[in-house]
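Reading through the structure tokens given below for one structure.
The values are calculated or read from the model by the stated rules, or taken from the named source; none is laboratory data. All of these numbers come straight from a predicted model, not from anything done at the bench. For neighbour counting, all protein chains shown are included, and Cβ atoms are generated from backbone atoms with ideal geometry for every residue, glycine included.
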Amino acid sequence: AFLEVFEKEALERAIHIQEKINNGTAGKLAGMIIGLKDNISYKNHQMTASSKILQGYTAVYSATVVERILAEDAIIIGRLNCDEFAMGASNETSYFGPVKNFADERKVSGGSSGGSAVAVQANLCFASLASDTGGSIRQPAAFCGVVGLKPTYARVSRYGVVAYASSFDQVGPIAKSVEDAALILEVIAGQDFYDGTSSSEPVPQYSKLLAPHIKRKIAYIEETLHSEGLDPEIKQNVLQQIEQLKADGHTVEPVSFEYLDYVVATYYILTTAEASSNLARYDGVHFGYRSPESKDLMSTYKKSRSEGFGEEVKRRIMLGTFVLSAGYYDAYYSKAQKARRLIKEKIEAILEEYDFIITPTTPTPAFNIGEEITDPVVMYLADIFTVGASLAGLPAISLPSGKNKEGLPLGLQVIGKSFKEAELLEFSTYFS
Ligand code: GLN
């Protein structure tokens, strides 16, 4: 799970924070031990995004989220493994090897933030900061039985976070409890001068808004429960949750979402397009790895990229370049943007009538290491329930929802209204 542990530094910081606790000046996260997904910059520390191409790169500044947790006296314990450039759903595309699930080490941890989920699952830290573009916080949280929150797009600054698909990327917490996730969000959220897309919407004190329980109106998407490839135990698990919610006085009703079959394709066209542009900066000149075979500018580009990027990242750069190319732009990229708009409008229309939408986080529990990595399309379909909220920019959380017969954790996803994380977190405590 860890690519590096900042042992000495963390111990020194712990001693310093203990003094602050003793004299009553400690911040909100005093002593909270937090791991960082290795795509979040921490000044004077290495950052690789789990890619060979960033080997040897040292961050020259800290991400805003890092500055904010440090200002509240968190202890950053190390860098956490992830899929290369956060591209994947199993943490098997990392240059540094896969992350094993702590519930069963033959199983994947989920991705792309597998290290961040396992570190919390295995009690190696209290929480982690990770990024979610299409499910990278929620899906590994589900596979590992922990809480994972993707905030509303623009709720949290992206400054200092390695860009994958800039109109989707959000930083959020992976934690043991909804309370911890709420506290961390309260610290990291809010406008940032360095991220022009970050919102000026005021930040509520999420950690103080967790009770009492209000009776809610909840929708579940009928198509998710009839979707091909949905594991029967997961279906059963969600149906049980629905019955329990009803028994406790909440209103839970089925709604139809006719675009479910299009969300994965729309997501992969748009995110690969954005990635092909964002990853152009890794050219063997500016950052990290340069091929020893480099002779002139062209060979530096070609060889450094050929040797530095892994297979999945290359596939996405090529896909993205293709969908943006002159002859195909209208057929793919521009069409996918229209599809994104339709999907967003439909989900928002559901949320005008309901407080939340619940779905399974994933169609299956954690699968075997090596099982799906050979077929990218199969792997992409693992994202079917998480990418909707990403396309719509809405906040969504994955909550532990028991285990299957094999003892593997299952996750329930709750999607909330734009910038209504307070309500989302309050409702989430129902499941704890
Ligand atoms: N599995 C998705 C992908 O590979 C999500 C990754 C993410 O959210 N960073 O794009």
Number of the exception - Val238 against (1) more than 22 Å from the chain's Cα centre (by Cα); (2) within 15 Å of Gln413 (Cα to Cα): (1)
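Looking at this structure, is Asp104 surrounded by fewer than 23 Cβ atoms within 10 Å (Cβ to Cβ), closer than 21 Å to Glu12 by Cβ and not polar (S, T, N, Q)?
It is false that Asp104 is surrounded by fewer than 23 Cβ atoms within 10 Å (Cβ to Cβ), closer than 21 Å to Glu12 by Cβ and not polar (S, T, N, Q).
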Within region 158-172, residues more than 12 Å from the ligand (Cβ to nearest atom) and farther than 13 Å from Thr271 by Cα come out as Arg158, Tyr159, Gly160
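Would you confirm, using the coordinates I've provided, whether Arg305 is more than 16 Å from the ligand (Cβ to nearest atom), charged (D, E, K, R), out of contact with any Lys or Arg (no Cβ under 7 Å at 6 or more places or on another chain) and at pLDDT 95 or above?
In short, yes.
This table checks each residue for (1) of a type in the set (Val, Ile, Thr); (2) modelled with pLDDT of 95 or more; (3) in contact with a Cys (Cβ under 7 Å, 6 or more places away or on another chain); (4) within 21 Å of Ile137 (Cβ to Cβ).
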residue	(1), (2), (3), (4)
Ile343	yes, yes, no, yes
Ile350	yes, yes, no, no
Ala382	no, no, no, yes
Thr386	yes, yes, no, yes
Ser390	no, yes, no, yes
Gly393	no, yes, no, yes
Glu406	no, yes, no, no
Lys417	no, yes, no, yes
I'd like the residue in region 111-139 that is within 8 Å of the chain's Cα centre (by Cα) and in a helix (DSSP H, G or I) and, out of all such residues, is nearest to the ligand (Cβ to nearest atom). Gln139
Could you please find all residues in region 354-388 being within 11 Å of the ligand (Cβ to nearest atom) and hydrophobic (A, V, I, L, M, F, W, C)? Met379, Leu381, Ala382, Ile384, Val387
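Tell me the helices (runs of 4 or more DSSP H) entirely within region 174-252 that contain at least 2 residues that are surrounded by fewer than 16 Cβ atoms within 10 Å (Cβ to Cβ).
By residue number, 222-226, 232-247.
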Out of everything in region 318-339 that is closer than 21 Å to Leu391 by Cβ and within 16 Å of the ligand (Cβ to nearest atom), what residue ends up being surrounded by the fewest Cβ atoms within 10 Å (Cβ to Cβ)? Leu319
Looking at (1) more than 16 Å from the ligand (Cβ to nearest atom); (2) crowded, with 23+ Cβ neighbours inside 10 Å; (3) among the β-branched types (Val, Ile, Thr), can you tell me which one Val99 breaks? (1)
